[in-house]
Number of protein chains: 2
Amino acid sequence: MTREEARCKLEEYRVRIDDLDRRIVELLNERTRVVEDIGRVKRSAELPIYEPRREEQVFENISQASADGPLTNEAVRRIYERIIDEMRMIQRVRMEGRGEN
Amino acid sequence: MTREEARCKLEEYRVRIDDLDRRIVELLNERTRVVEDIGRVKRSAELPIYEPRREEQVFENISQASADGPLTNEAVRRIYERIIDEMRMIQRVRMEGRGEN
């Protein structure tokens with residue numbers, strides 16, 4: 001493959017990556033909105049916010065969904081630890097904001 | 001809202017989260033496959049693997065895609081730093097494996 005051919009191929013792949021990223025970000029924001037809804041329901045019913053057993057269910061679900069790879073189980077889990085952590089932080093900021101009003 | 005009503009609502013939200021997570025994981029794996037293709041093209045054309053300018057384009061794209069939130073720009077960026085890091089590690093392992101053969 002010449003460098004010119006390679007650059008054309010790379011351009012094509014990058015368009016695909018950018019498209020995939022926009023879809024991933026859209027789903028991440030949708031997930032955040034559902035997490036916010038969950039927080040509202042829990043607060044109004046005075047249920048505990050943190051449920052470790054539910055967290056394990058989330059990890060089990062993503063492991064199964066990623067069984068064929070190429071991402072390893074550990075990689076998906078580390079990515080999701082970050083995702084869950086960010087969503088938890090957003091929830092915390094919202095709750096503190098509410099407490100002040 | 002009674003606790004029983006809250007539990008029903010939560011169950012409904014969790015089904016949605018699990019569905020969203022399966023779709024996110026599917027897209028993450030698809031992204032990894034494209035990243036692997038990019039690595040193959042770069043190696044065959046002897047182009048540099050790491051391109052900081054391209055990385056900035058990725059961050060710009062996801063910032064625009066997430067402009068309406070509720071995830072903050074910083075949150076999406078931190079999630080993507082993990083995603084990019086995991087995909088880079090997978091590439092590195094593959095390349096080392098190839099070097100041994």
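The values are calculated or read from the model by the stated rules, or taken from the named source; none is laboratory data. Everything quoted here is computed from the prediction, not taken from an experiment. Cβ placement follows ideal geometry from the backbone for every residue including glycine, while neighbour counts extend to all protein chains displayed.
Here are some notes:
- Of the residues making up the range A:47-68, just one is among the hydroxyl-bearing types (S, T, Y) and either surrounded by fewer than 12 Cβ atoms within 10 Å (Cβ to Cβ) or touching a strand residue (DSSP E or B) at 6+ places or on another chain (Cβ under 6 Å) (or both), namely A:Y50.
- Test: residue in the range A:1-15 that is within 16 Å of the chain's Cα centre (by Cα) and modelled with pLDDT of 95 or more: no
- Subset of the range A:21-46 that is aliphatic (A, V, I, L, M) and farther than 22 Å from B:R82 by Cβ - its residue that is surrounded by the most Cβ atoms within 10 Å (Cβ to Cβ): A:I38
- Of all residues in the range A:34-71, exactly one satisfies the criterion of being within 21 Å of B:E36 (Cα to Cα), out of contact with any helix residue (DSSP H, G or I) (no Cβ under 6 Å at 6 or more places or on another chain) and within 7 Å of chain B (Cβ to nearest Cβ), namely A:G69.
- Test result for B:Y80, of a type in the set (S, T, Y), more than 7 Å from chain A (Cβ to nearest Cβ) and more than 21 Å from A:I90 (Cβ to Cβ): no
- Here B:L71 fulfils each of the conditions (1) surrounded by fewer than 16 Cβ atoms within 10 Å (Cβ to Cβ); (2) outside any helix (DSSP H, G or I); (3) aliphatic (A, V, I, L, M) apart from (1).
- Residue check: A:L47 meets all listed conditions (1) assigned to a helix (DSSP H, G or I); (2) free of Cβ contacts under 8 Å to residues at least 24 places away in the same chain but one, namely (1).
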